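Data first, discussion second: the structure below is written as structure tokens.
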């Protein structure tokens, strides 16, 4: 494997990209006249740095939590301990719960400079960089909004404050819900945490779950800040983000979430004060990917390129995870990291008028725009500032909660992550295909620099995901079966027409998977179902070949499965379970097994 160049440094500050209520996360410039908040002061200190011939003086000072050393993933703890003895360094393992080999050295500038010189030139190290600290911007907060009752429309959920969630209407939530609500899809929220209420083993989490997440499904998470199993949120940001994705919905209380039948995986990578290191974030990404997350939301970012984070994003993407990230709140043409990494879906923010929000960053790396809010205005005249409205704890006070309108690309990103979960629930599990569907169905806003492919449209995305699979699968199956019947007719004459029986047709529809879109909770299992389909056909036909009355239904099933597999190969939409990585290996597996199924159907029909 070719080694990446190690001359990499992070930016002076990265920021968690949200602004509650009237606070703004952007520099005090012309984009935010008279209303800009100052950045939270994380005092940078000089970090000596030299690796692979890099000039120490040429790299910037960064706010850090020591020096991050990325050893080869296959290097054992014993080998690293030997390196410690050889170099005299004392390194701390940060990857107890994540797949990777990230170690941190903390100490004085002299200690770090000595470490850099001791590690220079080693071939068992993939990267060395400052363990940069990400931090929240300073924020002001308005009072929470009362949960006032309101008469819902006939097609709307009964959550009384849904009427004020203009952002859900902007992305077509109600139409999307007519097809899927994200059933069973695990969405990892990498943030300040989300309090689940109960931990594995029944122990109470540090803080209570907010009331409007009471009916939301959670899976076990992890706290990479304190290295424990309690990912509770003591800030408010992570809980707000989780609410946009999967707030309890149609429960007669509060507000709604876009993918409210998805499962939240809370991964705490930022402290209650809103800061976290590159090591924590990278480990959180890998951990989520290893624990069956299908979507990762990162409403955080900033700074310059980090090889450690880039590798973590690629790791998740290669494991079939759609990684969705905030573009930034700088109000300038620069998409921040991790949104700018290959494999990440970068999101800019729209205001309630459907135009780029004044604080939103933008640039060529953008993929989509989604509602992020603008608390300076009340365009719908409901008396609530037009931020993104969700239930969360009071900032810094987990003992209380409220319905807070936040603004920021942090708030835009979970709309896109939730839409990705809806697409996954529709049976599209390959992250590249998920992204392509979201982009191809976006509302064209005529400016790719500011909006990427356009404005997020969850309704159109779910429609396309369902239609492509249902029509494509059954259509291709019918064509394959028709060709086989025509061939048989040429051989057997008119008697071949009798082979087109109701049993064959029904089996063909079942095998094509056209029914999957009508069964909630099956879509996100498409990878496993695809694997099963590929093996089941051969097994069933082997058992049924000896029974003459079963040959035609089994032929129909074989053609249906062939259509199912070959359609997904053509669309590139499924990350097949147990097939390593995703991409060409999946396509090859689908194509080979689809072809085998078609040949088996043809043989069965000819007998």
Give the distance, in whole Å, between the Cα centre of the range 309-330 and the Cα centre of the range 174-248. 20
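Starting from the exponent 0.38 and prefactor 2.2 Å, build the expected Rg for the range 289-388 from its residue count and divide its actual Cα Rg by it. Mind dumping the intermediate values first?
Details: Rg = 15.0 Å, N = 100, 2.2 N^0.38 = 12.7 Å.
Against the compact-globule rule of thumb, the ratio is 1.19.
Starting with the highest mean, order 175-184, 322-331, 380-389 by the number of other Cβ atoms within 10 Å, averaged over the residues of each peptide.
Working: 175-184: 22.7, 322-331: 30.4, 380-389: 20.6.
Going from most to least packed, we get 322-331, 175-184, 380-389.
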Three semi-axes of the equivalent ellipsoid, the range 216-342, Cα gyration tensor, whole Å, largest first: 23, 17, 15
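Give the dimensionless ratio obtained when the Cα radius of gyration of the range 340-433 is divided by 2.2 N^0.38 Å. Let's see the in-between values first.
Working: Rg = 15.2 Å, N = 94, 2.2 N^0.38 = 12.4 Å.
Taking N as the residue count of the range 340-433, the ratio is 1.23.
Which order, highest average first, do 260-271, 196-207 follow once you tally other Cβ atoms within 10 Å for each residue and take the mean per peptide? Mind dumping the intermediate values first?
Values: 260-271: 27.2, 196-207: 14.9.
Ranked by mean Cβ neighbours within 10 Å, highest first: 260-271, 196-207.
Which order, highest average first, do 210-216, 244-250 follow once you tally other Cβ atoms within 10 Å for each residue and take the mean per peptide?
Highest to lowest by the protection proxy: 244-250, 210-216.
Every number here is computed from the coordinates shown, using simple stated rules; none is lab data. For clarity, every value in this text was computed on a predicted model and none was experimentally measured. Note: ideal-geometry Cβ built from the backbone for every residue, glycine included; neighbour counts use all protein chains shown.
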